[in-house]
Each structure stands twice: as C-alpha cells, then as structure tokens.
Amino acid sequence: MNARINPIVMPKWGLSMAEGKVTGWLVRPGAKITAGDEILEVETDKIAGVVEAGEAGTLRRVLGEPQTVYPVKALIGVIADDDVPDAEIDAFVAAYAVPAEEGEDAAEAGPRYEFVETPAGRLRYARRGEGEDTVLLIHGFGGDLDNWLFNIDALGAAATVYALDLPGHGQSEKALGDPSLPGLATAVLGFMDALGIARAHLVGHSMGGALSQQVAVDAPSRVASIALIASAGLGPEINGDYIAGFVSAAGRRELKPVLEHLFHDPSTVTRQLVDDVLKYKRIDGVDTALRALADGLFPDGRQASQLADQTRAAGTRTLVVFGEGDRIIPAAQAQALADTAQVYVLPEAGHMVQMEKAGRVNELLLKHIAG
C-alpha cells in the first residue's frame, strides 16, 4: 500500500449493507480536499447519505460512476498529493483488491444482531468495539438501532458501543408494560443489567434523549455522561402533526411525506426506507405500542416531560447537538441546558442530524466521551 495515496471506497453503513449506488460526486477531479469534506453521495437499500473524505489532498481519480452500484469497500476514487506521479496512482488502482472481511468466513461467523432476555422482554442489539469506555445508543420514537448506522462504527473505534431496539421498536418485544419515560428508563437499566454494563455514556436521539435524561436522573451512578441529539425533554413544543402522521400512516403515499420532515434534504428518504418503516408498522403490537407512547409522552401534540431542571440538578456531564433545520423539535430547545452543557447547532441538518452530519456529530461524541 502506498502511504501517499488514500483510497475512497464504498462505505459500509450498518451490518446488513453489502453494496451501494454512487448517485453523484460533489467535487470534481483536481479539487483540493480537506479531511471531513463531503465528496460524494451514496444510496443504499436503507438510506441515501454523503461520504466524507478521511484524508486531505487532491482528488486525483474518480472511478465510481454515477447511478452505478458497487460492493462495500470497492475503490471508487483516489486522493493523493499533487507531487504523486500519475504512474504511481495508475499502479495503485490496477493493484487494488477489495479487502476481505475481518476474520474467517466473517459473513457467516454469526448473527448480524444479538438478542438478550430482559425484564422488559427480548431486546435486539448490536455491539461494536472493545474500548474501555462503554457507550449506549438509544434511538427515538418509531426508530430502531439502524438510526445509528453512520455512527456506531466510528464510536466503536474508541469504545465498546451498544445500540438497542427499545421495547415496542425494531425487532424487540412489542408489548410495553409501562409506556412512560420512567418505564422506558427501567427497561434500559434492565438491558444494562442483562449485559453486565455497570456504567455507560448514554447517547440519545429525540425520544431517546429524553430517556437518557430520565436514566441519568433515576440512576446517576450508572451514567458516565449523556449526549442529547435532537433531544426531546428540553421544552414543551414538538411537531404534533408529525407524531400523529407517523402513527396513522398506513401506506407509502401517507408515510413518505411524514418521513421527509425528519431530514434537511427530503431526497434522503428512499423508497426502501419507506418500505422498511411500513413493514415495521404492520407487525402485530406495533400500532398499540406507538399509540401508547404517543398518548403518554406527546399528548395533544406537546411534550409531557421537560427534564432540563432535573438533568441540571443531577450534574451529569452533558453534550447537546441539534440540526438547525429541525422540523420535529425546535432547535431553540438546545439552549435549555446551555448554562451547564456543551451545545452545538449544526447548519444544513434536520432532526436526523446524526445521519446528515455524521462526521461532525461523531467528532463531537468522541471528544465528549473522552472527557
């Protein structure tokens, strides 16, 4: 491998991703690239996303053709300094081989996800990394652990990371014994107990942010820090039409415009994403669970719980990140903990800021976790 040549490869976003389609380049050959720059757009069977440069240099080769599908880790571009001869780059491209999965027969080495029995029922989770710090990723209303597919691997490079499907969500138990924040907090603590997690950094998105605050209030000794991503629980306002629309949507035509409210760029919502959410919503027990949560947590299109004062009193180290264009929870609510927390509002991002600005969010999370 030539250390002066940096490959751009088809990323792997989530456990199930095997290939992705290049939908367009955002920079031209010869452009000067800084690490973290958005360089091309990729669409997977789950979602559309942006690939960021991992290294600085000049975009010397564009190999990935728009509207073409490539396997994960396939070479789709090359970044190198200007003084690297073309011949060296040509040789690099000619010799490049898609790296094998780590470990023998990695694709068949075991289940893509794991399950654990807890007092709240059987819960699905994914695990990454072997770091000393432990991180628990908690999704929002109607979401699942794949809401963290742009984050879990980056965080797993520095910590042991778990992402779970909450009760009523994903592939976890659909029955909700207690559809309240304290009830869900008890479920999260039961999950931690079942896996022997004594203490963790909690990273919560939307409803998961309110839940992270609740766990920190109820069991502060179990929480090393909290990171609140587009978090509920910081103010009364929420887009009640979104909540009602998500719960009631029964077909693609009704659901797609609802999901588009989640993103700064509505084209992020792929047909497959809509179909996956519809498939989830049609599982027995899901409608009952979602309606119970909506009625308990967001009655009359308002947030029932505001936890900023309790979170502040608990003294838990806190990071708050919002997308400036959030159309579900007003970004102004990020300031509710501004006196005690690190607060960032990111431009050109909506409610799914951890997906739309994954590089920046991952950078902030890694710094926060490290203390």
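Residues in segment 42-59 that are open to solvent by less than 50 Å² (accessible area, probe 1.4 Å), in contact with a strand residue (DSSP E or B) (Cβ under 7 Å, 6 or more places away or on another chain) and within 22 Å of Pro71 (Cα to Cα): Val42, Thr44, Ala48, Gly49, Val51, Ala53, Leu59. If you go through segment 328-351 and pick out every residue that is open to solvent by less than 10 Å² (accessible area, probe 1.4 Å) and not small (Gly, Ala, Ser), you end up with 4. Put simply, of Gly240, Gly208, Gly251 the only residue that is touching a Gly at 6+ places or on another chain (Cβ under 6 Å) and farther than 18 Å from Asp165 by Cα is Gly240. Of the helices (runs of 4 or more DSSP H) lying entirely inside segment 308-371, those containing at least 1 residues that are without any contact (Cβ under 8 Å) to a residue 60 or more places away in the chain and in contact with a strand residue (DSSP E or B) (Cβ under 9 Å, 6 or more places away or on another chain) span 308-314, 358-370. Residue-level check: of (1) more than 19 Å from Val135 (Cβ to Cβ); (2) buried (at least 23 other Cβ atoms within 10 Å of the Cβ), Gly325 misses just (2). What about Ala74, is it under 30 Å from Ala126 (Cα atoms), out of contact with any Leu (no Cβ under 6 Å at 6 or more places or on another chain) and of a type outside the set (D, E, K, R)? Judged against the criteria, Ala74 is a match. With respect to Gly36, determine if the residue is in a loop (DSSP other than H, G, I, E, B), free of Cβ contacts under 8 Å to residues at least 60 places away in the same chain and within 28 Å of Leu273 (Cα to Cα). The answer is no for Gly36.
Which residue out of Ala74, Ala3, Ala80, Ala48 is touching a residue at least 60 places away in the same chain (Cβ under 8 Å), farther than 30 Å from Asp275 by Cβ and small (Gly, Ala, Ser)?
Just one listed residue meets the conditions, Ala80.
Regarding Val269, is this residue open to solvent by less than 40 Å² (accessible area, probe 1.4 Å), out of contact with any Cys (no Cβ under 6 Å at 6 or more places or on another chain) and at pLDDT below 95? It is true that Val269 is open to solvent by less than 40 Å² (accessible area, probe 1.4 Å), out of contact with any Cys (no Cβ under 6 Å at 6 or more places or on another chain) and at pLDDT below 95.
On the stretch given as segment 265-280, residues that are part of a helix (DSSP H, G or I) and touching a residue at least 40 places away in the same chain (Cβ under 8 Å) total 7. Each residue in segment 32-41 was checked for being over 14 Å from Lys357 (Cα atoms) and surrounded by 17 or more Cβ atoms within 10 Å (Cβ to Cβ), and 1 of them qualify. In the set (1) under 21 Å from Glu356 (Cβ atoms); (2) in contact (Cβ under 8 Å) with a residue 40 or more places away in the chain; (3) open to solvent by 40 Å² or more (accessible area, probe 1.4 Å), Pro257 fails one condition alone, (2).
If we scan segment 289-301, do we find a residue that is part of a helix (DSSP H, G or I), at positive phi and open to solvent by 80 Å² or more (accessible area, probe 1.4 Å)? Yes, segment 289-301 contains a residue that is part of a helix (DSSP H, G or I), at positive phi and open to solvent by 80 Å² or more (accessible area, probe 1.4 Å). Can you name the number of the only condition in (1) open to solvent by 40 Å² or more (accessible area, probe 1.4 Å); (2) modelled with pLDDT of 95 or more; (3) not acidic (Asp, Glu) that Pro111 fails? Every listed condition holds for Pro111 apart from (2). Hey, among the residues in segment 70-101 that are of a type in the set (A, V, I, L, M) and open to solvent by 50 Å² or more (accessible area, probe 1.4 Å), which one's farthest from the chain's Cα centre (by Cα)? Out of the qualifying residues, it is Ala87. In segment 12-22 there is at least one residue that is modelled with pLDDT of 90 or more, of a type in the set (Val, Ile, Thr) and either outside any strand (DSSP E or B) or crowded, with 19+ Cβ neighbours inside 10 Å (or both).
The values are calculated or read from the model by the stated rules, or taken from the named source; none is laboratory data. Note that this is a predicted model, so its numbers are computed, not measured. FYI the Cβ positions are ideal-geometry reconstructions off the backbone, even for glycines, and counts take in every protein chain you see. Note: accessible area is taken over every heavy atom of the protein model, side chains too, but ligands, DNA and RNA are not part of it. Shrake-Rupley method; radii C 1.70, N 1.55, O 1.52, S 1.80 Å.
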